[in-house]
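**Q** So that we are looking at the same thing, I have put the structure below in structure tokens.
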Amino acid sequence: MFKKSLLVLLYSVSTYAHAGFDIVTLGSKGGIQDGNLTAFLLKDSDEQNYIALDAGTIINGLIVADQQQAFKDLNVPPHSPYTKIGYLLREKIKGYFISHAHLDHLAGMIIASPDDSHKNIYGLASVNDTITETYFNWKAWPNFGNRGQGYQLGKYNYTDLSSQDWLPIKNTNLQVKALPLSHAGVESSAFIIKNNQKQIVAYLGDTGADRIEKSDLLNSLWSTLTPYIKNKQLKGIMIETSFSNDVAERSLYGHLTPKLLLEELTQLENKVGDKGALTGLPIVITHIKYSLLKQSDPQTMIQQQLNADNNIGVIFHFPAQGDHFQL
Ligand SMILES: [Zn+2]
Ligand SMILES: [Zn+2]
């Protein structure tokens with residue numbers, strides 16, 4: 001893991017003086033391991049405050065990441081009544097970015113909500129509507145939001161994102177845009193995050209390939225990202241690969257395989273221009289499912305399949321829970 005992190009870091013150093021973004025893996029799995037579901041913290045490397053990209057696992061992810069020294073530079077002020085985990089949750093995570101409302105992307109936020117601090121929940125309107133209707137409704141859970149059924153406790157402010165305009169993220173120096181993705185009939189999202197140095201990182205929630213989903217939403221995202229690659233602003237893409245290549249295309253339910261991800265990245269390469277236009281670009285693989293089978297560990301298979309057919313020269317990175325790295 002260190003070696004891969006180093007490669008990512010070297011790419012960054014060779015391309016830009018400014019490090020870009022710090023990322024902490026709170027949860028790396030696309031199911032079924034409760035305590036390790038999709039969630040990443042991200043901050044500008046020069047700043048202290050994080051945002052959460054998805055929130056499948058929050059508290060357990062903070063505990064594991066802290067044990068792995070992800071927050072070794074953070075000092076809890078002596079006057080704070082909170083533990084380091086409490087301080088991180090309440091003071092350092094400044095907003096949740098929920099790609100879609102499937103449980104493996106927001107369970108950690110819901111479970112931590114009684115002890116959480118006031119925050120914004122950022123997402124596409126359809127995602128915020130589903131969270132409002134399905135979870136924070138006084139049936140599944142108390143309504144901690146500022147919309148929806150019954151008395152609104154107002155701890156969380158829903159903020160609808162647009163694909164057109166950059167929105168400043170409160171209490172950070174980051175800005176965000178969100179683009180829709182197709183996830184087997186569910187609207188999922190990609191977040192494009194920008195810092196003050198105009199560096200960009202793209203985080204995608206669950207998505208199928210355009211060819212399988214009969215969609216052009218990934219194509220639109222690639223078009224949006226193309227100028228940032230040409231200008232050397234794009235620091236990396238975080239994207240799912242849920243299944244290995246031996247899962248039939250009709251059984252993917254809105255997810256990617258190594259073959260389909262490489263097909264999509266080739267589309268992106270074609271848009272950027274010459275063969276080799278993506279060489280050295282870090283691609284962070286998320287959402288590999290925890291396996292109950294003795295044989296054919298999907299993590300190993302996906303890793304092998306992506307690297308074996310990687311003729312576009314990107315650098316795949318496979319973070320485990322607690323891993324911290326820079327893009
Ligand atoms: Zn998922
Ligand atoms: Zn999903």
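The values are calculated or read from the model by the stated rules, or taken from the named source; none is laboratory data. In this text, all values refer to a predicted model and were calculated from it rather than measured experimentally. Note that each Cβ is placed from the backbone with ideal geometry, even for glycine, and that neighbours are counted across all protein chains shown. Note: accessible area is taken over every heavy atom of the protein model, side chains too, but ligands, DNA and RNA are not part of it. Shrake-Rupley method; radii C 1.70, N 1.55, O 1.52, S 1.80 Å.
**Q** Across the stretch 183-225, what is the number of residues that are within 16 Å of ligand 1 (Cβ to nearest atom), within 15 Å of S126 (Cβ to Cβ) and either of a type in the set (D, E, K, R) or open to solvent by 10 Å² or more (accessible area, probe 1.4 Å) (or both)?
**A** 5
**Q** Going through the stretch 67-115 one residue at a time, which ones are over 15 Å from the mean Cα position of the chain (by Cα), among the polar types (S, T, N, Q) and assigned to a loop (DSSP other than H, G, I, E, B)?
**A** Scanning the stretch 67-115 gives Q68, Q69, N75, S80, T83.
**Q** For the stretch 167-181, enumerate the residues that are open to solvent by 10 Å² or more (accessible area, probe 1.4 Å) and either within 16 Å of the chain's Cα centre (by Cα) or within 23 Å of N146 (Cα to Cα) (or both).
**A** Scanning the stretch 167-181 gives L167, P168, K170, N171, T172, Q175, K177, L179, P180.
**Q** Shifting gears a bit: Which one of L53, L37 is crowded, with 24+ Cβ neighbours inside 10 Å, modelled with pLDDT of 95 or more and out of contact with any His (no Cβ under 9 Å at 6 or more places or on another chain)?
**A** Checking each option against the conditions leaves just L53.
**Q** Within the stretch 119-133, identify whether any single residue is under 27 Å from S80 (Cβ atoms), touching a Leu at 6+ places or on another chain (Cβ under 9 Å) and either touching a residue at least 40 places away in the same chain (Cβ under 8 Å) or basic (K, R) (or both), and answer yes or no.
**A** Checking the stretch 119-133: at least one residue is under 27 Å from S80 (Cβ atoms), touching a Leu at 6+ places or on another chain (Cβ under 9 Å) and either touching a residue at least 40 places away in the same chain (Cβ under 8 Å) or basic (K, R) (or both).
**Q** Go through the stretch 262-295 residue by residue and tally those that are within 16 Å of ligand 2 (Cβ to nearest atom), β-branched (V, I, T) and touching a Gly at 6+ places or on another chain (Cβ under 7 Å).
**A** 1
**Q** If you don't mind, another one. Among helices (runs of 4 or more DSSP H) lying entirely in the stretch 209-327, which contain 2 or more residues that are among the β-branched types (V, I, T) and within 20 Å of F191 (Cβ to Cβ)?
**A** So the answer is 217-230.
**Q** Here is a further query. Got a number for residues in the stretch 247-256 being touching a residue at least 24 places away in the same chain (Cβ under 8 Å) and either in contact with a Phe, Trp or Tyr (Cβ under 8 Å, 6 or more places away or on another chain) or open to solvent by 40 Å² or more (accessible area, probe 1.4 Å) (or both)? I'd like the intermediate steps shown before the answer.
**A** Pass one, the stretch 247-256, residues touching a residue at least 24 places away in the same chain (Cβ under 8 Å): 249, 252-256.
Keeping just the survivors that are either in contact with a Phe, Trp or Tyr (Cβ under 8 Å, 6 or more places away or on another chain) or open to solvent by 40 Å² or more (accessible area, probe 1.4 Å) (or both) gives 249, 252-253, 255-256.
Residues flagged as touching a residue at least 24 places away in the same chain (Cβ under 8 Å) and either in contact with a Phe, Trp or Tyr (Cβ under 8 Å, 6 or more places away or on another chain) or open to solvent by 40 Å² or more (accessible area, probe 1.4 Å) (or both) within the stretch 247-256 amount to 5.
**Q** Could we say that Q295 is more than 16 Å from ligand 1 (Cβ to nearest atom), among the polar types (S, T, N, Q), over 23 Å from D22 (Cβ atoms) and in contact with a Pro (Cβ under 9 Å, 6 or more places away or on another chain) here?
**A** no
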